[in-house]
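Notes for the one structure printed next.
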Amino acid sequence: MSTDESVFQNQILELRRGSIVIAIVGILAKRTLYGYALLKELELYNVPVDGGTLYPLLRRLEKQGVLSSIWQVTENRPRKYYSLTKDGALLHRNLADEWTVLNQNITKILEK
């Protein structure tokens, strides 16, 4: 990989890293999911996230009070289901508003 490709790939990773939280809270604002189902849902929206990235992020968001979780045993296997807390719902609305404005402004910049 050339230096230019390396720089490009690093910038893409940074852009995606900054978007993962809004994607997660956006999905969990609609329904409660367990980790693997959330990974698959993100893939459906072409926002692939590695499990090694997702699970620590879910734990961090839970520790911050954005998510709550509950263990459920279905099909003989325990699964930890995540949902937004009231603070998480507020974060979702605020991030969605900020994303909309930022996206509109960056789109204007890129059009010029």
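The values are calculated or read from the model by the stated rules, or taken from the named source; none is laboratory data. This is a predicted model, so every value here is computed, not measured. All Cβ positions, even for glycine, are placed from backbone atoms using ideal geometry, and neighbour counts span all protein chains on display.
Cβ-Cβ contacts under 8 Å between residues 6 or more apart (or on different chains), taken from a first residue in region 78-97 that is without any contact (Cβ under 8 Å) to a residue 60 or more places away in the chain and farther than 18 Å from residue 20 by Cα to a second residue that is in a helix (DSSP H, G or I) and of a type in the set (Gly, Ala, Ser), are listed as 79/35; 80/35.
Residue 35 satisfies every condition listed in (1) within 22 Å of residue 77 (Cβ to Cβ); (2) under 10 Å from the mean Cα position of the chain (by Cα) except (2).
A single entry from 16, 59, 31 fulfils the requirement of being under 25 Å from residue 102 (Cα atoms) and of a type in the set (Lys, Arg): 16. Counted as qualifying within region 1-68 are the helices (runs of 4 or more DSSP H) with 1 or more residues that are touching a Leu at 6+ places or on another chain (Cβ under 7 Å), namely 20-28, 35-44, 51-63. Summed over region 69-95, residues that are part of a strand (DSSP E or B), hydrophobic (A, V, I, L, M, F, W, C) and under 15 Å from the mean Cα position of the chain (by Cα) total 1. Given the structure, is residue 98 in a helix (DSSP H, G or I), out of contact with any His (no Cβ under 9 Å at 6 or more places or on another chain), modelled with pLDDT of 95 or more and loosely packed, with under 12 Cβ neighbours inside 10 Å? Here the answer is yes, as residue 98 does meet what is asked.
With respect to residue 14, determine if the residue is surrounded by 14 or more Cβ atoms within 10 Å (Cβ to Cβ) and among the charged types (D, E, K, R). No; evaluated as a whole, the condition is false for this residue.
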